[in-house]
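Structure first, commentary second.
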Amino acid sequence: MFALVDCNSFYASCEQVFRPDLRGKPVVVLSNNDGFVVACSKEAKALGIGDLQPFFKIEHALRQHNVTIFSSNYPLYGDLSRRVMTILREYSPEVEVYSIDEMFLPLSGGEDELQAQAHRIRSRIWQDVRMPTGVGIGPTKTLAKLASKVGKKIPRLAGICVLDEPHKMEWVLRRVPVTAVWGVAKRLAARLEVLNIRTAWELAQANPKMVRRRSTVCLERTIEELNGRSCLALEELPPPKQQIYCTRSFGTKARELKPVLEAVSLYATRAAEKLRSQNHQAATLHIFIHTSPFEPGFHAVSDIVRLPYFTDDTRLIVGLARDTVRRLYSPGHAFLKAGVGLIEIRDKRYHQRDLFHQGQSEKADRLMQVLDTVNRREGKGTLFLAAQGINKPWFMRQQFTSPQYTTRWRDIPVAKC
């Protein structure tokens, strides 16, 4: 059996971990640059606040209802997610981290034992991390994910749903729309409606080959999974990314070249860090900058450029990104956003030497290893290129950021007895 452990309202719950006075009260978390609402506590949802609502449109309503507002604090969220994953590894050595707030793991036993394990997992995570969770259990990953949703919707289930028998699966599948199924979005649901498939049960009873002709092999596998036949195995290690992008809007519009250069240097650095974390090298960069698309005179420029050889050296990647921006930049515009993408990536293990150029040197490899080691141990940004700037007035807005309670020394809470 597969279990999906899903953290409830994860970003909002993370903010409540070190602010117990906010439990049971409405909380929202904003996106980068404080642009949109990306997470709400259940109390905030009860007020009619939904995800992806522009903050400037609902700020008055939030304050009117005494909603606590937070900017995104990803170091905190990532660390608490890691702590949840560490606990789950005590229950099974095989854990698939599907997203920052969802993890799959295998469980075994009868219904009572599965229920007991699910309760133990929830209690342990709450005791050690103070993170509320739900647990969905089923013979396939698709059914486990559906069970997790059902466990949250039906109060008497108390966050735990076990679909271990055919009649239980049928009862759930008949009562949920096809869009509740993992991987079935609105556009696909519209195509299925032509086939008179509107519920998860109707999809489970459909002819897989007929459905595949109107979609893909993925939906054929979904039908098998809804019928209790597992087609998706656990992925303990996420597959490496084929492209790596780092893009951000500026907190203050950039009307000069210097802040644009600093921003692109920072984004190129972060992209290179992600590249090294998956032991890959890149040969091609995609650089873009643009003004606000919601203002007159929208101006956007971009270019795709090649590095001299496959590399993960931050210095080389940042240097080419800056040279490209200097060429693309034209004065008289208020730039709002920039981005750096690594779009031609390969595994470092399969590097082949060139007859005329040996590629990245061992000295550069050692330097990047030292850079990453220090930043992991002492905190991100401890060592950085001066090209990123010091003051960063252009950096994204984060007016409501909470302390990094678990990842920055000066933010560690102090207990007074």
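The values are calculated or read from the model by the stated rules, or taken from the named source; none is laboratory data. This one's a predicted model, so the numbers in the text were calculated from it and none came from an experiment. Positions of Cβ are backbone-derived with ideal geometry, glycine not excepted, and every protein chain shown enters the neighbour counts. Quick note on the areas: whole protein, heavy atoms, side chains included, nothing else; ligands and nucleic acids left out. Shrake-Rupley method; radii C 1.70, N 1.55, O 1.52, S 1.80 Å.
A few points about this structure:
- Test: residue in region 52-63 that is surrounded by 15 or more Cβ atoms within 10 Å (Cβ to Cβ), over 22 Å from residue 146 (Cα atoms) and over 23 Å from the mean Cα position of the chain (by Cα): yes
- Odd one out for residue 281 among (1) closer than 21 Å to residue 373 by Cα; (2) in contact with a His (Cβ under 6 Å, 6 or more places away or on another chain): (2)
- Leading residue by the ranking (most open to solvent (accessible area, probe 1.4 Å)) among those in region 97-128 that are under 20 Å from the mean Cα position of the chain (by Cα) and either aromatic (Phe, Trp, Tyr) or over 25 Å from residue 173 (Cα atoms) (or both): 98
- Against the list (1) open to solvent by 40 Å² or more (accessible area, probe 1.4 Å); (2) out of contact with any helix residue (DSSP H, G or I) (no Cβ under 9 Å at 6 or more places or on another chain); (3) assigned to a loop (DSSP other than H, G, I, E, B), the condition residue 380 fails is (2).
- Flag for residue 182 being touching a Lys or Arg at 6+ places or on another chain (Cβ under 6 Å), part of a helix (DSSP H, G or I) and surrounded by 14 or more Cβ atoms within 10 Å (Cβ to Cβ): no
- Condition met for residue 148 (modelled with pLDDT of 90 or more, within 20 Å of residue 42 (Cβ to Cβ) and either in a strand (DSSP E or B) or out of contact with any Asp or Glu (no Cβ under 6 Å at 6 or more places or on another chain) (or both)): no
- Helices (runs of 4 or more DSSP H) lying entirely in region 196-295 (those with 2 or more residues that are open to solvent by less than 80 Å² (accessible area, probe 1.4 Å) and under 25 Å from residue 396 (Cα atoms)): 257-277
The rows are residues; the columns are (1) of a type outside the set (Ser, Thr, Tyr); (2) within 19 Å of residue 15 (Cβ to Cβ); (3) modelled with pLDDT of 85 or more.
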| position | (1), (2), (3) |
| --- | --- |
| 373 | no, no, yes |
| 378 | yes, no, no |
| 394 | yes, no, no |
| 408 | yes, yes, no |
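Per-residue answers, yes or no, for (1) over 30 Å from residue 92 (Cβ atoms); (2) touching a Phe, Trp or Tyr at 6+ places or on another chain (Cβ under 8 Å); (3) modelled with pLDDT under 90:
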residue: 201; (1), (2), (3): yes, no, no
residue: 227; (1), (2), (3): no, no, no
residue: 261; (1), (2), (3): yes, no, no
residue: 279; (1), (2), (3): no, no, no
residue: 301; (1), (2), (3): yes, yes, no
residue: 305; (1), (2), (3): yes, no, no
